[in-house]
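The values are calculated or read from the model by the stated rules, or taken from the named source; none is laboratory data. Model, not experiment: these values are computed from the prediction. Glycine also receives a Cβ, built like all others from the backbone with ideal geometry; neighbour counts cover every protein chain displayed. Surface accessibility is based on the protein's heavy atoms, side chains included, excluding ligands, DNA and RNA. Shrake-Rupley method; radii C 1.70, N 1.55, O 1.52, S 1.80 Å.
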Amino acid sequence: TNKEFMFNGIFGPRSSQVQVFDQVGPPLIDAVMTGTQAACIAYGQTGSGKTHTMVGDLGQHIGTLGQRRLDPGGAGLVYRCVSDIFQRIEA
């Protein structure tokens, strides 16, 4: 059976979190802010970086208690979208 799949975009292994957000985030956020539902699906082989793309670098360990601090430069799509939504609400 032949199946066809449509993609809005594909990112290579050297794509940065910023590049992914810049292309994917604004249309999703625009839809949410106008009352429409939005979804982003990360699809790929095990170990290909889906979780890293969506969540990003959760931070680095600081101190001896294993506390974590978010590295905004490594933030994933979810963090960037939520941050952008709050920025738009405050504006």
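Tell me yes or no: at least one residue of region 8-29 is acidic (Asp, Glu) and exposed (fewer than 10 other Cβ atoms within 10 Å of the Cβ). First the steps, then the outcome.
Taking region 8-29 as the starting set, the residues that turn out to be acidic (Asp, Glu) are 22.
Now narrow it down to the ones that are exposed (fewer than 10 other Cβ atoms within 10 Å of the Cβ): none.
So far as region 8-29 goes, no, none of its residues is acidic (Asp, Glu) and exposed (fewer than 10 other Cβ atoms within 10 Å of the Cβ).
Do any residues in region 75-91 that are closer than 16 Å to Thr53 by Cβ have Cβ atoms under 7 Å from those of residues that are open to solvent by less than 40 Å² (accessible area, probe 1.4 Å) and assigned to a strand (DSSP E or B), where the two are at least six apart or on different chains, and which pairs are they?
Close Cβ pairs satisfying both conditions: Ala75/Gly56; Gly76/Gly56; Tyr79/Gly56.
Please enumerate the residues belonging to region 6-59 that are small (Gly, Ala, Ser), in a helix (DSSP H, G or I) and under 12 Å from the mean Cα position of the chain (by Cα).
Here is the first cut: in region 6-59, the ones small (Gly, Ala, Ser) are 9, 12, 15-16, 25, 31, 35, 38-39, 42, 44, 47-49, 56, 59.
Add one more test, that the residue is in a helix (DSSP H, G or I), and what stays is 25, 31.
If the condition is that a residue be small (Gly, Ala, Ser), in a helix (DSSP H, G or I) and under 12 Å from the mean Cα position of the chain (by Cα), then Gly25 is the only one that fits.
Please work out which one of (1) closer than 16 Å to Gln23 by Cα; (2) surrounded by 15 or more Cβ atoms within 10 Å (Cβ to Cβ); (3) at pLDDT below 90 is the condition Asp84 fails and give its number.
So the condition that Asp84 fails would be (3).
Taking Gly66 as the residue in question, decide whether it is modelled with pLDDT under 85 and surrounded by 10 or more Cβ atoms within 10 Å (Cβ to Cβ).
On the way: modelled with pLDDT under 85: yes; surrounded by 10 or more Cβ atoms within 10 Å (Cβ to Cβ): no.
In short, no.
Between a first residue in region 20-48 that is closer than 14 Å to Arg80 by Cβ and a second residue that is aromatic (Phe, Trp, Tyr), which pairs have beta carbons less than 6 Å apart while being 6 or more apart in sequence or on different chains?
Val20/Phe11
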